[in-house]
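Remarks on the structure that follows.
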Amino acid sequence: MSAELWSAIVAIALGAAVLTGVPLMVIVERRGSAWMQRRSGPNRVGPWGLMQPMADAVKFVFKEENVPAKAHKVLFLLAPALAVIPPLISFTVVPLAGSINLEGIEFPVQVANMSVGLLFLLAINSMHVFSVLTAGWASNNKFSLMGALRASSQMISYEIAIGICIVALVITYGTLDLREIVKLQEAGSSLPAWGIFMQPLSFFILWVCAFAETNRLPFDLPEGESELVAGYHTEYSGMKFALFFMGEYAAMFVASAFLTTLFLGGYNVPFLSEETIRNFFLAKEMTLTMASAATCALQVVSFAVKVLFFMWFYVWIRWTLPRFRYDQLMHLGWKVLLPLGVLNIFITMIVSYLRSV
């Protein structure tokens, strides 16, 4: 099997997983919010309301789509696609598991293994702001434009804190290769090797920034229904709105995978190294291919559980904290997270120097 064919297979499987995960998260969010508010939640469509996401999809497909008469039609139609494409591309550099041995060749469970994967991930994710800006401006609607301006200033402000935290992580790990970062966290297959223990302040800052970058509560000011109708997607309906909806959840999955990879050991199973797991299956008289496949399956489950933890936290925070005022949002980004990030760099440099002496 060629490396190109293997990458295509992983890409198809990954795309199917993300597209399946979006409707699953919709039902989790609805049931979760109902549980927190002591409501029934969706319980009409299908058993226990589990078919509600399918009903929503049918509604989006058949709902009438309107394009404002004075909208910039090309950009208006392009914006929803820009909301979905960057998160899906970002997943290509995320390592999902170790490697599978096929015909004596080790194939990593990753679409594209880049030596600068961390930099690529940040660059692609920064493009998400263009979809919001394009949607707000092209709609020719004052509420949409105000939502887009809020979103752009919010994303750019918090991306600075993210960039500073990444500098501290690069000093700690000494590489931009995401697969290598995961391998470094496997050291001794012990929990203290995880990034959350090596860079706790970076973890806290990036976790907060993940909410701001995905426009989720308490940072959902770009949509601000009580102030801006629906913000930058006020004029969107039908499948165009569904693409924004899908893009938001895909961005949440990417942010969760990003945090998992950098701070929770990625696909590593706690206390068990990849070699230990593979040797266990080999001891069961499995072939090398079967043992490596079983190991990767276990690692994918480990990775998925960690990602779903962060996804559940999105739901939990949404129904726990109120929306910030805009001045509070900017104050947190510029006067709290940014100084903390700079302080963390100095602490990291001092600790790295002392460890090297």
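Highest mean first, what order results for 22-30, 57-65, 95-103 on Cβ atoms within 10 Å?
In decreasing order of mean packing, 22-30, 57-65, 95-103 become 95-103, 22-30, 57-65.
Using each residue's phi in segment 53-62, evaluate 6.51 cos²θ - 1.76 cosθ + 1.60 at θ = phi - 60° and report the 3J(HN,Hα) Karplus result to the nearest Hz, with x for Gly and Pro.
So the J values, rounded to whole Hz, are x, 5, 5, 4, 5, 4, 4, 4, 5, 9.
Ignoring everything except DSSP H segments at least 4 long, calculate the 222 nm mean residue ellipticity for the chain; use -39,500 (n - 2.57) per segment, divide by total residues, nearest 500.
My calculation for the chain gives -22000 deg cm²/dmol from helical runs alone.
State, to one decimal in nm, how far the label point of residue 62 lies from the label point of residue 276, with both points 7 Å from Cα in the Cβ direction.
5.5 nm
Whole-Hz Karplus ³J(HN,Hα) for segment 316-329, in order, using 6.51 cos²θ - 1.76 cosθ + 1.60 and θ = phi - 60°, x for Gly and Pro?
Residue by residue, segment 316-329 yields 4, 5, 4, 9, 10, 9, x, 5, 5, 6, 5, 5, 5, 4 Hz.
For the peptides 315-321, 88-94, what is the packing order when you average, over each peptide's residues, the other Cβ atoms within 10 Å and list the highest mean first?
Highest-to-lowest ranking by the protection proxy: 88-94, 315-321.
Taking Cα pairs under 8 Å and at least six residues apart, what relative contact order does segment 154-306 come out at, in percent?
Averaging sequence separation for qualifying contacts and normalising by length gives 26 percent for segment 154-306.
Just the number: Rg to Rh for segment 68-356, Cα atoms, Kirkwood Rh, two decimals.
With Rg and the Kirkwood Rh in hand, the quotient comes to 1.02.
Holding the Cα-Cα limit at 27 Å, pick out from 142/240; 240/306; 63/306; 70/240 the pairs that are longer than that.
Listed pairs above 27 Å: 240/306; 63/306.
Under the rule of at least 5 residues apart or a separate chain, name every residue whose amide H is placed under 5 Å from the amide H of residue 100.
Those lying under 5 Å, H to H, from residue 100 are 107, 109.
Pick from 250, 151, 71 the residue whose mean-square fluctuation is largest in a GNM of the chain, springs joining Cα atoms under 10 Å.
Fluctuation is largest for 71.
Using θ = phi - 60° and the Karplus relation 6.51 cos²θ - 1.76 cosθ + 1.60, list the HN-Hα couplings for segment 130-136 in order, rounded to whole Hz, with x at every Gly or Pro.
5, 5, 5, 4, 4, 5, x
Values quoted throughout were computed directly from the atomic coordinates according to the rules given, and no laboratory measurement underlies them. Note that the coordinates shown come from a computational prediction; the quantities given were computed from them, not determined experimentally. With ideal geometry, Cβ positions are generated from the backbone for all residues, glycine too; neighbour counts draw on all protein chains shown.
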